[in-house]
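The values are calculated or read from the model by the stated rules, or taken from the named source; none is laboratory data. This one's a predicted model, so the numbers in the text were calculated from it and none came from an experiment. Cβ placement follows ideal geometry from the backbone for every residue including glycine, while neighbour counts extend to all protein chains displayed.
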């Protein structure tokens, strides 16, 4: 694994915030294996290192980690049901489960990976807020991160851009797009697939990658709003 990836994940691991689960250092007493945080760190380190090697040209960025997805895997927009798909997209890169019990799926991840399978090229997945924010009394809930939380972690996305140097960024959902824009970073906005947005998201990704025209992908055409 590359030193920039190790340093990046090490810095992520050092963050501690109230009512926020940091999957790279925190341990869930209900579902995590004893070495879960280490496993998630290694998953992300491998992913980032391979993205550099493959010269990944695009980042898909959403809002924050969910309790059924990235909280468990350490990988944005990826649940345990799609670790094998992530491995295949990144040319056989090995990923490990960090939890016990049956694998857990997430609706958003299912749609994301359905489209990534059609795109067929490695895409690096990320979140504006790279941890799992939850309500104070229930860690197995999702909430939107606060502006203060985002400001404390905004440097991570800038650091990621320095490492990967992508050509384009696709922001999944209005919250992600506005947050990226507030950092002074340009992105293409597509609809988030949840809450009735699945069909619009699919159409916009099809347009962005020219998937419906049987021609070479044209990632950099702005999708319809």
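Being over 25 Å from residue 50 (Cβ atoms) and either more than 15 Å from the chain's Cα centre (by Cα) or buried (at least 19 other Cβ atoms within 10 Å of the Cβ) (or both) is the filter here, so list the residues in the stretch 155-182 that pass it. First the steps, then the outcome.
From the stretch 155-182, those over 25 Å from residue 50 (Cβ atoms) are 173-175, 177-179, 181-182; that's our starting set.
Result: 173, 174, 177, 178, 179, 181, 182.
Among the numbered criteria (1) part of a helix (DSSP H, G or I); (2) touching a strand residue (DSSP E or B) at 6+ places or on another chain (Cβ under 9 Å); (3) crowded, with 20+ Cβ neighbours inside 10 Å, which one does residue 111 miss?
(2)
Could you check residue 185 against (1) in contact with a strand residue (DSSP E or B) (Cβ under 7 Å, 6 or more places away or on another chain); (2) surrounded by 19 or more Cβ atoms within 10 Å (Cβ to Cβ); (3) in a loop (DSSP other than H, G, I, E, B) and say which number it fails?
(2)
For the stretch 106-132, which residues satisfy the criterion of being touching a helix residue (DSSP H, G or I) at 6+ places or on another chain (Cβ under 7 Å) and either on the phi > 0 side of the Ramachandran plot or without any contact (Cβ under 8 Å) to a residue 24 or more places away in the chain (or both)?
none
Inside the stretch 31-50, can you point out the residues that are farther than 30 Å from residue 167 by Cα and touching a residue at least 40 places away in the same chain (Cβ under 8 Å)?
In the first step, residues of the stretch 31-50 are kept if they are farther than 30 Å from residue 167 by Cα; the result is 31-38.
Residues satisfying the conditions are 31, 32, 33, 35, 36, 37.
For the stretch 19-57: of the residues being in contact with a strand residue (DSSP E or B) (Cβ under 6 Å, 6 or more places away or on another chain) and buried (at least 22 other Cβ atoms within 10 Å of the Cβ), which is nearest to residue 92 (Cα to Cα)?
51
Residues of the stretch 1-18 being surrounded by 15 or more Cβ atoms within 10 Å (Cβ to Cβ) and either in contact (Cβ under 8 Å) with a residue 60 or more places away in the chain or closer than 20 Å to residue 68 by Cβ (or both), which ones?
Hits for the stretch 1-18 are 4, 5, 8, 12, 15, 17.
Do you know which residues across the stretch 123-143 are under 25 Å from residue 180 (Cβ atoms) and either within 13 Å of the chain's Cα centre (by Cα) or modelled with pLDDT under 95 (or both)?
123, 124, 125, 126, 127, 128, 129, 130, 131, 132, listed by residue number.
In the stretch 51-105, which residues are part of a helix (DSSP H, G or I), in contact (Cβ under 8 Å) with a residue 12 or more places away in the chain and closer than 15 Å to residue 39 by Cβ?
Correct list: 70, 71, 72, 73, 80, 83, 86.
Suppose we filter the stretch 124-143 for residues that are surrounded by fewer than 16 Cβ atoms within 10 Å (Cβ to Cβ) and in a loop (DSSP other than H, G, I, E, B); how many remain? Before you say what the answer is, go through the steps one by one.
Filtering the stretch 124-143 for residues surrounded by fewer than 16 Cβ atoms within 10 Å (Cβ to Cβ) gives 135-138, 140-141, 143.
Now drop any that are not in a loop (DSSP other than H, G, I, E, B), which leaves 136-137, 140-141, 143.
So the count comes out to 5.
Among the candidates 146, 99, which residue alone is more than 16 Å from the chain's Cα centre (by Cα) and surrounded by fewer than 17 Cβ atoms within 10 Å (Cβ to Cβ)? Before the answer, list the steps.
On the way: 99 fails: surrounded by fewer than 17 Cβ atoms within 10 Å (Cβ to Cβ).
Unique residue meeting the criteria: 146.
Out of all the residues in the stretch 12-37, which are more than 20 Å from residue 147 (Cα to Cα), in contact with a helix residue (DSSP H, G or I) (Cβ under 8 Å, 6 or more places away or on another chain) and either modelled with pLDDT under 95 or assigned to a helix (DSSP H, G or I) (or both)?
13, 37
To keep it simple, each residue is scored yes or no on (1) at pLDDT 95 or above; (2) outside any loop (DSSP other than H, G, I, E, B).
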position: 154; (1), (2): no, yes
position: 163; (1), (2): yes, yes
position: 194; (1), (2): no, no
position: 200; (1), (2): yes, yes
position: 213; (1), (2): no, no
